[in-house]
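The values are calculated or read from the model by the stated rules, or taken from the named source; none is laboratory data. Fair warning: this is a prediction, and the values are worked out from it, not measured in the lab. Every residue, glycine as well, gets a Cβ built from its backbone with ideal geometry; the counts of neighbours run over all protein chains shown.
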């Protein structure tokens, strides 16, 4: 051993290499031991607990980063073996410890956000944007500390030097600053939550919000595509949030049918007798006949002329039938706005608008309800001797042509 020692003294480079390899081996051994103890031991303890908090806070990513501290501490204890570069290596190892500390804090912040996402307040008040800002600030301060350690300057001196590049930093982080302000507005005014159905036409967004982060909002459209757009862009234009509909539990049906003006007329006695046989109209017709008869007699109206006095029309009776039909449906919520109204007539006839709410927010069920309602309307309208307006087709023109030739 003495001979080997004397030989190594004569070859300092070989001695230095052996020492470095030995230190690296010890550092690696420390990392393996700590990693096994932390990850295996801690995870066994965590698995035995019923709460999810420790599973998230002491996840494998955090434990691995903590384990990296051990080999760096071992290396720092043997820096004296390399006196020529001891100061440089000391600064480097201290910087690595600060860097690992920053990464551990970042992992803890991510774990905190994951815990918050499991709470009831997450959808109402997402905090991911705020946490990302906190991480950026921590990383900037940590970066300044690392630069100070590597250059041997005080952090305040480094910060003063960084101040000269403020304009450049503002330019570089312009989108981050704008997104941060937008995130504050979105959170403060409760504009968007995870799970909301939103429409943003300028970005072809129409679907459910998956994530609200500092820089971006992620939405899954109903065609299953994923759209990601900048957070600050949401407030630059208009967007529609369907949360109110989802909370109310009902979805609006707002659609019109156009009645041909030529088919509108007063009801004849035969037509009224037919209406009395319709279960939904029977009571209404009897009541209106009695009311109209009393009013006409009171005013001494000559009813021999059709235009004199009050009379029922087929279009007015049709509207009353639609009201009764819709109120009789269990899948229509009459507790919300309930209208069957006549809009301003135009070149396409008289619009009769159905403005009611389906008693569901499920898209498929809503479309089925809406289709069932209008299937019935299209089928029943001829019973009121009304015609739906539609533009002539090629078949109509051929029929006119054949009639002209005949």
- Task: Within region 343-361, identify whether any single residue is at pLDDT 90 or above, in a helix (DSSP H, G or I), within 22 Å of residue 257 (Cα to Cα) and assigned by TED's automatic domain parsing to the domain that holds residue 265, and answer yes or no.
- Result: no
- Message: Taking the criterion of being assigned by TED's automatic domain parsing to the domain that holds residue 280 and outside any helix (DSSP H, G or I), would at least one residue in region 366-375 satisfy it?
- Response: no
- Item | Qualifying position, being outside the structural domain of residue 235 (by TED's automatic domain parsing), at pLDDT 75 or above, surrounded by 18 or more Cβ atoms within 10 Å (Cβ to Cβ) and part of a helix (DSSP H, G or I), among 129, 142 | 142
- Query: What's the number of the condition residue 235 fails, among (1) in contact (Cβ under 8 Å) with a residue 40 or more places away in the chain; (2) surrounded by 15 or more Cβ atoms within 10 Å (Cβ to Cβ); (3) out of contact with any strand residue (DSSP E or B) (no Cβ under 6 Å at 6 or more places or on another chain); (4) more than 30 Å from residue 132 (Cα to Cα)?
  - Reply: (4)
- Message: What's the number of the only condition in (1) more than 17 Å from residue 259 (Cα to Cα); (2) in contact (Cβ under 8 Å) with a residue 60 or more places away in the chain; (3) not in a loop (DSSP other than H, G, I, E, B) that residue 324 fails to meet?
- Response: (2)
- Task: Taking the options 247, 218, name whichever one is free of Cβ contacts under 8 Å to residues at least 12 places away in the same chain and in contact with a strand residue (DSSP E or B) (Cβ under 7 Å, 6 or more places away or on another chain).
- Result: 218
- Would you mind stating whether residue 381 is surrounded by 17 or more Cβ atoms within 10 Å (Cβ to Cβ), farther than 15 Å from residue 251 by Cα and either without any contact (Cβ under 8 Å) to a residue 60 or more places away in the chain or not assigned by TED's automatic domain parsing to the domain that holds residue 196 (or both)? yes
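Would you point out which residue out of 288, 274 is free of Cβ contacts under 8 Å to residues at least 60 places away in the same chain and in a helix (DSSP H, G or I)? Reasoning before the result, please.
Values: 274 fails: free of Cβ contacts under 8 Å to residues at least 60 places away in the same chain.
Exactly one of 288, 274 is free of Cβ contacts under 8 Å to residues at least 60 places away in the same chain and in a helix (DSSP H, G or I), namely 288.
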- Item | Any chance residue 226 is in contact with a strand residue (DSSP E or B) (Cβ under 6 Å, 6 or more places away or on another chain), over 30 Å from residue 354 (Cβ atoms) and modelled with pLDDT of 90 or more | yes
- Query: Just one of the numbered conditions (1) part of a helix (DSSP H, G or I); (2) modelled with pLDDT of 85 or more is not true of residue 180; which one?
  - Reply: (2)
